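What follows is calculated from the coordinates using simple rules that are stated; it is not laboratory data. Treat the numbers as computed from the prediction; the structure is a model and nothing was measured. Glycine also receives a Cβ, built like all others from the backbone with ideal geometry; neighbour counts cover every protein chain displayed.
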Amino acid sequence: MDGQAAYNPAMPTVRLFYALWPDASLAATLAWWASRAQSHAQGRTMRTETLHMTLAFLGSVEREIADELIDATPYHRLQPGTVTLDRYGVFSRPGILWAGPERTPDSLQASHDGLWLWLSAFGFVPPAQPFRPHVTLLRNIERNDPPADAPPPITWHYDRMVLVASEATDGGSRYRVVAQSRPQPV
């Protein structure tokens, strides 16, 4: 994750989100999914090192709250689980092609809901729209229909989440993991 400047303590706010972050092998497989879809939908392929599944987008957060979240995140445990990415999808309005599950696993939905409940203690309110887990593969697509055939399904085993600082740049967003939860004890 490039982005040493993505968390600048001198700035009054920082743009934050919580996500599942793939290991290098899974990220490479997702990048391959993106390259397969690119010929169909066109658009800009996301950089492999930026691929992730957002659990909670917080937006611009005041520095004091951001520091509290950084300190508290290692103590918020995510229930381990799996999600199978088995299809392409499109968000036509923002022009995004994504990979995601046909159905959201109950354990992932519970983790998402639990995260927002925990975040409410920091003053955050969950979004009105339902949780749709996905990994953005392409931006600025030219077609609003996904490729008909997805590659073989990918099973993503997760046991932690990360808190990511994001900075918009001319070349796209730069991300920096600023905290991560600890896995559940075995």
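How far apart, in nm, are the 7 Å Cα→Cβ label points at residue 62 and residue 42?
Between residue 62 and residue 42, the simple spin-label model gives 4.5 nm.
Can you list residues from other chains, or at least 5 along the same chain, whose modelled amide H is less than 5 Å from the amide H of residue 178?
Close amide H contacts, sequence-distant or interchain: 163, 164, 165.
What ³J(HN,Hα) values, in whole Hz, does the Karplus curve 6.51 cos²θ - 1.76 cosθ + 1.60 give for the stretch 107-123 when θ = phi - 60°, with x put for Gly and Pro?
5, 6, 4, 5, 5, 4, 5, x, 4, 5, 4, 4, 5, 4, 5, 9, x
With unit charges on the beta carbons (Lys and Arg positive, Asp and Glu negative) and the dipole taken about the Cα centre of the chain, which residue among 119, 75, 56 sits farthest to the positive side?
56
With runs of 4+ DSSP H residues as the only contributors, calculate the mean residue ellipticity of the chain at 222 nm using -39,500 (n - 2.57) per run, divided by the residue total and rounded to the nearest 500.
So the helix-based figure for the chain works out to -7500 deg cm²/dmol.
At 0.36 nm per residue, minus the direct Cα-Cα distance, what do residue 142 and residue 72 gain on full extension? Give it in nm, one decimal, please.
Contour length minus Cα-Cα distance gives 21.1 nm.
Once phi is turned into ³J(HN,Hα) by the Karplus curve 6.51 cos²θ - 1.76 cosθ + 1.60 with θ = phi - 60°, what whole-Hz value does each residue of the stretch 127-134 show in order, with x for glycine and proline?
Working through the residues one at a time gives x, 6, 6, x, 5, 10, x, 6 Hz.
Treat each spin label as a single point 7 Å out from the Cα along the C-beta direction, and report the residue 102 to residue 118 distance in nm.
3.1
For the stretch 89-186, taking Cα atoms only, what is the radius of gyration to one decimal and the Dmax to the nearest whole Å?
When restricted to Cα atoms, the stretch 89-186 yields Rg and Dmax of 15.9, 46 Å.
About the Cα centre of the stretch 1-155, what is the dipole size in debye to 20, counting +1 per Lys and Arg Cβ and -1 per Asp and Glu Cβ, all else neutral?
460
Show the residues, 5+ positions off or on another chain, whose built amide H is closer than 5 Å to the amide H of residue 15.
Here 61, 166 satisfy the definition.
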